Amino acid sequence: VVDNSIDEAMAGYAKGVRIELLPNNRVSISDDGRGIPVDIHKQTKKSALETVMTTLHAGGKFGGDSYKVSGGLHGVGVSVVNALSKWVRVEVKRDGGLYMQEYERGKAKKIVSKIGKSTGTGTKVIFEPDPEIFGIEGGKMPQFDFKYILDHLRQQAFLTKGIKIEVCDFRAEEKKYHAFQFDGGLLSFLRYLTPATKALQEELFYIEKTLGNVEVEVAFTYTDEIDGKELSFANNIYTTDGGMHSTGFKSALSRAINSYARTEGYLKEKDENLTGDDVREGLVVVISVRIPQPQFEGQTKARLGSPEARSAVDAVVSEALKEYLEKHPSDARKVIEKCLLASKARKAAKAAKDTVLRKGILEGLTLPGKLADCISKSPEESELFLVEGDSAGGSSKMARDRRTQAILPLRGKILNVERSRIDKMLANKEIRALVMALGTAIASDFNILKIRYHKIVIMTDADVDGAHIRTLLLTLFYRYFPKVVEAGYIYIAQPPLFKISSGKEFRYVFSEVEKEKAITEVQKITKAQTINVQRYKGLGEMNPDQLWDTTMDPSVRKMKQVTVNDAEAADRLFDILMGDEVEPRKQFIQAHAHSVKNLDT
């Protein structure tokens, strides 16, 4: 429904969209576009409004010229919303009148009726998803995710220059309201994605141009980071797998950078060209095309397949980037030096990676010596515990189930990979041992099918140092083994904080709140006046039996599975917490310090 309003805005007929999440799981979307026509449709003999709301392939983008470009392809969206809704009400302001029609489970209750007069034009759709279709979870309907909706609508506001999108959540006592309006288009989007302190160039690259029937808009900047970020859109649809428009940009970028580098003498005649990876290291780019009748590969529209998008983006970016590099020699120098450094690091990283892999093969040490491996060779039942320090490593080796549980002790804090290239990373003994233990290799040689364990358990002490080591390991997995995280193979062990005991009676507890409850329970059993409270500062303080009983026994242990629900937010958070910039980290700590009650827990 929102996409229909966005289409009106892209066509120049609407300036604002308002989305309201209402009680009883209803949603209201209104715009100030032209309003859906209400006169009789020649073919269906029903009103155009009822036809659009109840008939597939009857929308404005199907078989007509209502929209030059649109996010919809087949005109089925709003009729499907109607079919999946228990109740829908549509109000149309058009030709000085206010018209209304209601539907139940996709069928009109009555014909369109005029209920009053109006000034201006527009459409409002209110709908309530059908619980018979979407099902009941835990006694109630699944709820709309406000954060997800907010992120999507912010993105749409960036992509539709000048449109005002208001989002309201009226479902709780504390009402939420957000409004988005960005006159800078993708340039505003780029600034949102890249803080000014991170941008390598003083003048960000931006081009907006129409070539043939393809509207092209591209914005990018380089950062001093290793990882880059590419977001591509076709008719405001996020193409997660890229496609022709992305390919066109990449070829134009590589060609323009290499041409400029040779012309200005950065690359000598004997030097090989910079690769695509070299020129995209640290690059943050947003690509948007608008094209009539786009072709997508797959039902989810994740990849654009229209060849005209490739040639248009290639031509527009090639010309604009050549001009940009000539007009901004200082920025051009920074970009070329960044790319040359990436090329040098790529070669060093390949040598380091090949050395690690070759060493393992040639010396027969595909597994590191410090690894106490499990007997089972089945990844599905095998577990790898990453343990902090030799003392905890010794206890856990004695405590484990040797058949399915492997132990890899890590000495001290591993390298912060957020600030290091892969060659430096693989020079670190602890990381090298972990890479070899996993069995997946790394970077371009990574293969998740070769992973040796389906549970990789980070088991560190319950103190600040343990939390730091855990964060360093999570950074390593998130940056260099993202598919392992996505597969759900990473876990965090939950060792107890206290042992509450009196005589033979005892309890293990995992928080301050549980401690008070356990003390009361032990006192009622034992009638003892004095209760012994033992605080575990480290795993090494536990004997093997205790470690097994509390943290490693699959029948009783507690573990947290690491997931990435919002990759973009996670990426930004890792950058803040583990990156080079001190000020964003300071601001984050100041903003969230009040919510931390006890750092040790």
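Listing for the model above:
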quantity	calculated
Mean shadow area of region 79-236 over all directions, Cα convex hull, nm²	15.1
For region 161-320, the fraction of alpha-carbon pairs in successive 5 Å shells from zero, as %	2, 8, 15, 18, 18, 16, 10, 6, 4, 2, 1, 1, 0, 0
Placed amide H near Thr223: partners under 5 Å, 5+ positions off or other chain	Leu200, Leu283, Val284
Loop trypsin sites (Lys or Arg not before Pro), region 1-49, which have at most 15 other Cβ atoms in a 10 Å radius of their Cβ (DSSP)	Lys15, Lys42, Lys45
Global size of region 484-553 as Cα Rg and Dmax, reported in angstrom	14.6, 50
For region 470-512, Kirkwood radius (reciprocal of mean inverse C-alpha pair distance, Å)	13.0
Protein-only accessible surface order, largest first, of Trp548, Trp87 at 1.4 Å	Trp548, Trp87
Angle between the chain longest axis and helix 390-399 axis [Cα atoms, degrees, rounded to 10]	90
Estimated FRET transfer efficiency (Lys504, Ser391; beta-carbon r; R0 25 Å; 0.05)	0.40
Normalised alpha carbon radius of gyration of the chain [divisor 2.2 N^0.38 Å]	1.18
Of the trypsin sites (Lys or Arg not before Pro) in region 435-511, those whose Cβ has at most 15 other Cβ within 10 Å and which sit in DSSP loop	Lys504
Alpha-carbon Debye profile of region 214-289, log10 I(q)/I(0) at 0.21, 0.22 Å⁻¹	-0.96, -1.02
Residues of type lysines that Lys327 reaches as a straight line, Cα spacing below 30 Å, ignoring anything fewer than 8 places off in the same chain	Lys161, Lys198, Lys209, Lys229, Lys250, Lys268, Lys270, Lys338, Lys344
Taking N as its residue count, the alpha carbon Rg of region 170-225 over 2.2 N^0.38 Å	1.62
Folded to 0 to 90 degrees: helix 329-362 orientation relative to the chain principal axis, Cα	40
Zone residues, region 244-280, relative to Arg333, backbone N less than 18 Å from point 7 Å out along Cα-to-Cβ	260-268
Label-to-label distance, nm, for residues given as Ile226 and Lys42 (7 Å Cα→Cβ offset)	6.4
Residues listed by number, region 391-429, amide nitrogen under 17 Å from Asn543 label point at 7 Å toward C-beta	392, 394-400
Neighbour net charge for Gly393 - beta-carbon separation under 13 angstrom, K R +1, D E -1	0
Degrees separating the helix 582-592 axis from the principal Cα axis of the chain, which is the longest one	90
Extension reserve of the Ile133-Asn213 stretch, reckoned as 0.36 nm per residue once the Cα distance is removed	24.7 nm
Efficiency of FRET between Leu22 and Thr520 - r from beta-carbon atoms, R0 35 angstrom, step 0.05	0.20
Exposed-loop-free span, longest in the chain, where GluC sites (Glu not before Pro) count as exposed if DSSP calls them loop and at most 11 other C-beta atoms lie within 10 Å	381-601
Whole-number D in µm²/s for region 5-53 (Stokes-Einstein; Kirkwood sum over Cα pairs; 20 °C, 1.002 mPa s)	172
Cα extents of region 89-140 along the three principal axes, largest first (Å)	46, 20, 12
Convex hull projection area averaged over all views, region 249-353, Cα basis, nm²	8.7
Total formal charge among the other residues, if their Cβ is under 9 angstrom from that of Gly228, Lys/Arg +1 and Asp/Glu -1	-2
R0 of 30 Å, Cβ-Cβ distance Ile492-Ala351: FRET efficiency to nearest 0.05	0.30
Principal axis box of region 108-172, alpha-carbon based, largest edge first, Å	45, 39, 22
q = 0.15, 0.29 Å⁻¹: log10 I(q)/I(0) that the Debye formula gives for region 502-543, counting C-alpha atoms only	-0.38, -1.08
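The values are calculated or read from the model by the stated rules, or taken from the named source; none is laboratory data. Not measured: the values here are computed from a predicted model. Using ideal geometry, Cβ is built from the backbone for each residue, glycine included, and neighbour counts are taken over all protein chains shown. These accessible areas exclude ligands, DNA and RNA; they are computed on the full protein's heavy atoms, side chains included. Shrake-Rupley method; radii C 1.70, N 1.55, O 1.52, S 1.80 Å.
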